[in-house]
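The values are calculated or read from the model by the stated rules, or taken from the named source; none is laboratory data. Computed from a prediction, not measured in an experiment: that's the story for all the values here. Because the Cβ atoms are built from the backbone with ideal geometry, glycine has one as well, and the counts that use them run over all protein chains shown.
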Amino acid sequence: MQQTKDGGYKRIMQGVVIARVLKRPKLPKSSALMVGDSYVWDYLAAKKVGIDGLLMDTIYLNKSARQVKRKIKNIDEVLRYI
């Protein structure tokens, strides 16, 4: 990540790692599912590169994340989506 003048970090890496993973085994986007607990870094990053995402429903979700319909409470619920 690149540091900004105010000491923060740019979100330039959002989705980059996911895109790299998809390229390695030649995994089609339609066969991928991102499961994470961060609305920005997991769920939105997956959407940005064109794959489905599931968001872990935690007490730490911001207002935007609460509107996501594809949320799970525990990892066992992933089976409903594959």
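Pairing each residue of region 53-82 that is part of a loop (DSSP other than H, G, I, E, B) with any residue that is aliphatic (A, V, I, L, M) and modelled with pLDDT of 90 or more, provided the two are 6+ apart or on different chains, yields C-beta distances under 6 Å for 68/55; 70/54.
Of the residues making up region 35-52, those that are surrounded by fewer than 16 Cβ atoms within 10 Å (Cβ to Cβ) and in a strand (DSSP E or B) number 0.
For region 16-72, the tally of residues that are farther than 20 Å from residue 82 by Cα and β-branched (Val, Ile, Thr) stands at 5.
Of all residues in region 7-34 being assigned to a strand (DSSP E or B) and at pLDDT 75 or above, which is surrounded by the most Cβ atoms within 10 Å (Cβ to Cβ)? Result: 34. When the residues of region 53-82 are narrowed to those that are small (Gly, Ala, Ser) and surrounded by 18 or more Cβ atoms within 10 Å (Cβ to Cβ), which ends up nearest to residue 29 (Cα to Cα)? Looking at the filtered set, the residue picked out is 53. Each residue in region 32-63 was checked for being of a type in the set (S, T, N, Q) and touching a Leu at 6+ places or on another chain (Cβ under 9 Å), and 1 pass.
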